[in-house]
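Please treat every number below as a calculation from the coordinates, not as lab data. Owing to the predicted nature of the structure, the values given are computational and were not obtained by experimental measurement. Quick reminder, even Gly has a Cβ in these numbers, built from the backbone with ideal geometry, and neighbours come from all protein chains shown.
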Amino acid sequence: MIKSILLAVDGSAFTEPVLQYGVNFAKDFKAFLRVLTVIDIRIFEWAVAIGVEGFAPIIPSSGYQEESQKLLEQKAEEVLKKTETILSKSGVDYVLEKESGNPVDVICDKARLTDMLMIGARGEFAKWSDKMLGATLEMITRLCIKPVFITPKTFKVMKKILVAYDGSENASKALSLAAHFASNLKLPLVIMNVNDSEEEGRSILSEAREYLNAYQIPKLEDKIVQGVADERIVQISSELNADLIVMGSYGHSRIREAILGSTTVQTMRKATVPVLMAR
C-alpha cells in the first residue's frame, strides 16, 4: 500500500524530522523516496503585483529579481546537497528533485504519483508562526488527493498509534490506513471516539473492531470520550503516549470550519506528535 513516499523539504528546522520519518518508513514498507524542494516563484509575482498596484508603486528592478532568483536556486541546491548526505548513508532508494513554481501546486501535483506525502507542520518561516499551521501546508492538506503525514519539529520512534474514528467516510479511510500501519509495523492501536452518547460511541467502536479483525494487530484498545474533538484527541494521545495520530480529512460543518477551523486543522496545530491525515 505504501511503496512510494514524497518528502517535501525546504531547509527549515522541520526538514530533518521529515527525512528521519521518511527513511524509517522506506525501510519498514520497502518504499521508494522522492525528495522534493520547491523554489517559490510567488515572491517575484507578489513583488511585481505590489509594485504595479500598490499605494506607492515601486517596480522591482530586473537586477533585484535576478539576484533573488539566484539566491533561491543556491538555497535549493544546498538543501538537496545536505539531504543527499543524509540519505546516502541510510541504505534506502531515493531520488532528489528541484522544481520552480507555487509550492502548493507543485507538491500536490507530484504527490499524485506517490502513495503518501510527508511534510513538516511548519516551514521556513516557522519562528514567526508560533502555534499556527503553515499556510502552505493547510492548503496542501485541503487539495492533496493522497494521505498526508505531518511531522513535528522532533523525530520520535513510533510505538503506539491512535486513530480517531466517528463512522464517517473519511474516518473509515483513516481506520484503513491506521490498520495498515499498525499491522505492518507491529504496533498497538487505540481506536478513539469523541461522543456525548456512550451507547452511540460503543456502536461506532464495535463496527471499527469488526473491520480490524481482518488485520494482525498486536494489541487493540478502544476509548470513548466526551468534549471538543480536537482538544480531546490531542489530550488522549498525550495520556496514552501515542506516537502517531491518524484521522480523516476535515469535517461536515463548513460553518464551524469558517468560524473555528476544522477538527483536522485544530488537531494538526495542537499535536506534538505526527498526524497522518487520510484522504
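Here are the numbers for the structure shown:
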item	result
Backbone HN-Hα couplings from phi across segment 66-81 [Karplus 6.51/-1.76/1.60, Hz, Gly and Pro as x]	5, 5, 5, 4, 5, 5, 5, 4, 5, 4, 4, 5, 5, 4, 5, 5
Computed FRET value (nearest 0.05) for Asn213 with Asp28, which takes r as the C-beta separation and R₀ as 25 Å	0.60
From phi via Karplus (6.51, -1.76, 1.60), per-residue ³J(HN,Hα) for segment 187-197 in Hz, x at Gly/Pro	10, x, 10, 10, 9, 10, 10, 8, 7, 7, 9
Lys153/Glu200 FRET efficiency (R0 35 Å; Cβ-Cβ; nearest 0.05)	0.40
J(HN,Hα) series, segment 12-22, from Karplus relation 6.51 cos²θ - 1.76 cosθ + 1.60, nearest Hz, glycine and proline x	6, 5, 8, 5, 4, x, 4, 5, 5, 5, x
Net charge, Ala278 excluded, C-beta distance under 11 Å - Lys, Arg +1, Asp, Glu -1	+2
Projected label distance in nm at Glu169 and Leu113, using a 7 Å step from Cα toward the beta-carbon	2.8
Taking Ser262, Ser68, Ser172 and counting other C-beta atoms within 10 Å, the order from fewest to most	Ser68, Ser172, Ser262
Net dipole in debye of segment 154-224 [+1 Lys, Arg Cβ; -1 Asp, Glu Cβ; about Cα centre; nearest 20]	680
Gain in span if fully extended, Val228 to Glu67, counting 0.36 nm per residue against the direct Cα distance	53.1 nm
Extension gain, Lys82 back to Glu97 (0.36 nm per residue minus Cα-Cα distance, nm)	4.1 nm
